[in-house]
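The values are calculated or read from the model by the stated rules, or taken from the named source; none is laboratory data. The shown structure was predicted, so the numbers you read here are calculated from the model rather than taken from an experiment. Here the Cβ is made from the backbone with ideal geometry for all residues, glycine too, and neighbour counts use every protein chain on show.
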Amino acid sequence: AGIAGMILCNEVANNGIRKIPITIEAAIEDFKDYHTGTTGQIRKCLTRSLDVASEAIMADLD
């Protein structure tokens, strides 16, 4: 049972190790999607802030 257990354990470990790159790849893709979404939101927010600021400056100039 000891040797069979070790072989089984090695198989499970090898299968787990083989799946690591797939898991990491999926995590990187998720992160890219999240980052893209976040960047878009930040850009919208900054654009809105700049619009408000420029309107305020124009109002001051008038």
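Return the only residue of I42, I24, I28, I3 being β-branched (V, I, T), surrounded by fewer than 10 Cβ atoms within 10 Å (Cβ to Cβ) and either free of Cβ contacts under 8 Å to residues at least 24 places away in the same chain or in contact with a helix residue (DSSP H, G or I) (Cβ under 8 Å, 6 or more places away or on another chain) (or both). Give the derivation first.
Working: I42 fails: surrounded by fewer than 10 Cβ atoms within 10 Å (Cβ to Cβ); I24 fails: surrounded by fewer than 10 Cβ atoms within 10 Å (Cβ to Cβ); I28 fails: surrounded by fewer than 10 Cβ atoms within 10 Å (Cβ to Cβ).
Among I42, I24, I28, I3, only I3 is β-branched (V, I, T), surrounded by fewer than 10 Cβ atoms within 10 Å (Cβ to Cβ) and either free of Cβ contacts under 8 Å to residues at least 24 places away in the same chain or in contact with a helix residue (DSSP H, G or I) (Cβ under 8 Å, 6 or more places away or on another chain) (or both).
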| request: Could you list, in sequence order, all residues of the stretch 47-62 that are at pLDDT below 80 and of a type in the set (A, V, I, L, M)? | output: L61
